[in-house]
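Undergrad: Quick one: the structure is below, questions incoming.
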Amino acid sequence: MDERTFDRSGQHASVVGLGTWQLGADWGDVDDKEALAVLEAAAEAGVTFFDTADVYGDGRSEQTIAAFLSGRPDLHVLVATKMGRRVDQIPENYVLDNFRAWNDRSRRNLGVDRVDLVQLHCPPTPVYSTDEVFDALDTLVEEERIAAYGVSVETCQEALTAIARPNVASVQIILNPFRMKPLREVLPAAREAGVGIIARVPLASGLLSGKYTKDTVFPEDDHRTYNRHGESFDVGETFSGVDYETGVEAAVEFAGLAPEGYTPAQLALRWIIQQPGVTTVIPGARSPEQARANAAAARLPELSDETLAAIRDLYDRRIRDQVESRW
């Protein structure tokens, strides 16, 4: 699989990575054996970028990645984790002492002396404008606790503020055919600055897979049940912030745009891969089959101008007004 570079850090990632939120929690049950099988399938398909967080299953996702990689010393995988969501979300918690403590825990979970890439995990907006926060992150690099750092953001404005920081290596942002606003300003600014873009929620929490109907029932411990209206965290993380009924209807139309040989999910991933400035896209997978199918999107032919225009038209007609004013 092709790899792309985070220019500021010199690190490389496969164009299709693996998001591992689902291996920790919040997507229904995934047992340890199945989680390891997903990691194995992704790696065998050429994935060299795993994205996790200290809060996914309270460290379970990080520990699962560590268990897998300890048995595969032949693999060269860039592991990115995130920190900051295990405490009250107030700017005062984003200080060096806490960063060191959170990093110590992640390094133990991952079984490493130095974490490849650490991202602030959608912190309060004022954090992005606080010099001391980025001084503290620079200190973690100087202390060789981390190789590089980035941010995970909710809004385009947060992304632009972070990109202006000279040592931010990456910005993780929601980007998919139901969330196009980052294409206008964020991706061009990142390209200009040499900041990598990690595209998350690429399938709009599964909507773009075309598998769901208005009658689909998700498990009680799945965020698609308990956070559908933003009850637990930003509603944009669930179905990209699109009203579920609208999303299901638009997803049917989206599936009809898939060229021969593409699944709807692969259409969404291929669309993201083609956006100038994207470094890697991180779909999750609950089974080895899903992991392999996601990775296969990197090998599919580029989408035609006609297909790209049809996807844009669908977004403009059905989705834009629901999401652009908020994120």
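Undergrad: Just one of (1) over 18 Å from the mean Cα position of the chain (by Cα); (2) free of Cβ contacts under 8 Å to residues at least 60 places away in the same chain trips up Glu289, so point out which.
TA: The failed condition is (2).
Undergrad: Follow-up question, since we're still on this one. Taking the range 229-248, which residues are within 20 Å of Arg286 (Cα to Cα) and either open to solvent by 30 Å² or more (accessible area, probe 1.4 Å) or out of contact with any Cys (no Cβ under 9 Å at 6 or more places or on another chain) (or both)?
TA: Across the range 229-248, the qualifying residues are Thr238, Phe239, Ser240.
Undergrad: Go through the range 148-191 and report how many residues are open to solvent by 20 Å² or more (accessible area, probe 1.4 Å), small (Gly, Ala, Ser) and in contact with a helix residue (DSSP H, G or I) (Cβ under 7 Å, 6 or more places away or on another chain).
TA: 1
Each row is one residue, and each column tells you yes or no for (1) surrounded by fewer than 17 Cβ atoms within 10 Å (Cβ to Cβ); (2) without any contact (Cβ under 8 Å) to a residue 40 or more places away in the chain.
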residue	(1), (2)
Val79	no, yes
Arg86	yes, yes
Ile90	yes, yes
Phe99	no, no
Asn103	no, no
Ser106	no, no
Asn109	no, no
Asp113	yes, yes
Leu117	no, no
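Undergrad: On the basis of being buried (at least 20 other Cβ atoms within 10 Å of the Cβ) and touching a Gly at 6+ places or on another chain (Cβ under 7 Å), does Tyr56 make the cut?
TA: For Tyr56, the condition - buried (at least 20 other Cβ atoms within 10 Å of the Cβ) and touching a Gly at 6+ places or on another chain (Cβ under 7 Å) - is met.
Undergrad: Could I ask something else about it? Got at least one residue in the range 26-34 being of a type in the set (A, V, I, L, M, F, W, C), touching a Gly at 6+ places or on another chain (Cβ under 9 Å), within 28 Å of Gly277 (Cβ to Cβ) and crowded, with 21+ Cβ neighbours inside 10 Å?
TA: Checking the range 26-34: not a single residue is of a type in the set (A, V, I, L, M, F, W, C), touching a Gly at 6+ places or on another chain (Cβ under 9 Å), within 28 Å of Gly277 (Cβ to Cβ) and crowded, with 21+ Cβ neighbours inside 10 Å.
Here's the yes/no breakdown for (1) acidic (Asp, Glu); (2) within 23 Å of Ile197 (Cβ to Cβ); (3) touching a Phe, Trp or Tyr at 6+ places or on another chain (Cβ under 7 Å):
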| residue | (1), (2), (3) |
| --- | --- |
| Tyr244 | no, no, no |
| Phe254 | no, yes, no |
| Trp271 | no, yes, no |
| Thr280 | no, yes, yes |
| Ser287 | no, no, no |
| Arg292 | no, no, no |
| Leu303 | no, yes, yes |
| Ala310 | no, no, no |
| Asp321 | yes, no, no |
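Undergrad: Going residue by residue through the range 294-309, is there one that turns out to be more than 30 Å from Ala37 (Cα to Cα), of a type in the set (A, V, I, L, M), at pLDDT 95 or above and surrounded by fewer than 19 Cβ atoms within 10 Å (Cβ to Cβ)?
TA: There is at least one residue in the range 294-309 that is more than 30 Å from Ala37 (Cα to Cα), of a type in the set (A, V, I, L, M), at pLDDT 95 or above and surrounded by fewer than 19 Cβ atoms within 10 Å (Cβ to Cβ).
Undergrad: Further, regarding this structure: Does the range 3-51 hold any residues that are modelled with pLDDT under 95 and under 21 Å from Gln266 (Cβ atoms), and which are they?
TA: Correct list: Trp21, Gln22, Trp27.
Undergrad: Now for a different question. Read through the list (1) open to solvent by 20 Å² or more (accessible area, probe 1.4 Å); (2) in contact (Cβ under 8 Å) with a residue 24 or more places away in the chain, then give the number of the only condition that Thr280 fails.
TA: In the conditions (1) open to solvent by 20 Å² or more (accessible area, probe 1.4 Å); (2) in contact (Cβ under 8 Å) with a residue 24 or more places away in the chain, Thr280 misses (1) alone.
Undergrad: Still on this structure, I have one more. Considering (1) over 29 Å from Gly277 (Cα atoms); (2) touching a helix residue (DSSP H, G or I) at 6+ places or on another chain (Cβ under 7 Å); (3) of a type in the set (A, V, I, L, M, F, W, C); (4) surrounded by fewer than 16 Cβ atoms within 10 Å (Cβ to Cβ), say which one Leu75 fails and leave the rest.
TA: (1)
Undergrad: Let me ask something else. Consider only pairs whose beta carbons are under 8 Å apart and that are at least six residues apart or on different chains; among these, list those whose first residue lies in the range 230-259 and is without any contact (Cβ under 8 Å) to a residue 24 or more places away in the chain and whose second residue is among the aliphatic types (A, V, I, L, M) and open to solvent by less than 20 Å² (accessible area, probe 1.4 Å).
TA: Cβ pairs passing all conditions: Ala258/Leu267.
Undergrad: Please tell me if Val47 is in contact with a helix residue (DSSP H, G or I) (Cβ under 8 Å, 6 or more places away or on another chain) and either closer than 21 Å to Ile163 by Cα or open to solvent by 50 Å² or more (accessible area, probe 1.4 Å) (or both).
TA: no
Undergrad: Name the residue, out of Glu132, Glu62, that is buried (at least 21 other Cβ atoms within 10 Å of the Cβ) and not in a loop (DSSP other than H, G, I, E, B).
TA: On inspection, the qualifying residue turns out to be Glu62.
Undergrad: Kindly indicate whether any position in the range 219-228 is open to solvent by less than 20 Å² (accessible area, probe 1.4 Å) and either of a type in the set (Lys, Arg) or closer than 28 Å to Arg191 by Cα (or both).
TA: yes
Undergrad: Would you confirm, using the coordinates I've provided, whether Ser9 is buried (at least 16 other Cβ atoms within 10 Å of the Cβ) and part of a loop (DSSP other than H, G, I, E, B)?
TA: yes
Undergrad: For the range 191-204, how many residues are within 13 Å of the chain's Cα centre (by Cα), farther than 14 Å from Pro264 by Cβ and assigned to a loop (DSSP other than H, G, I, E, B)?
TA: 1
The values are calculated or read from the model by the stated rules, or taken from the named source; none is laboratory data. Everything quoted here is computed from the prediction, not taken from an experiment. Here the Cβ is made from the backbone with ideal geometry for all residues, glycine too, and neighbour counts use every protein chain on show. Side chains included, ligands, DNA and RNA excluded: accessible areas come from the protein's heavy atoms. Shrake-Rupley method; radii C 1.70, N 1.55, O 1.52, S 1.80 Å.
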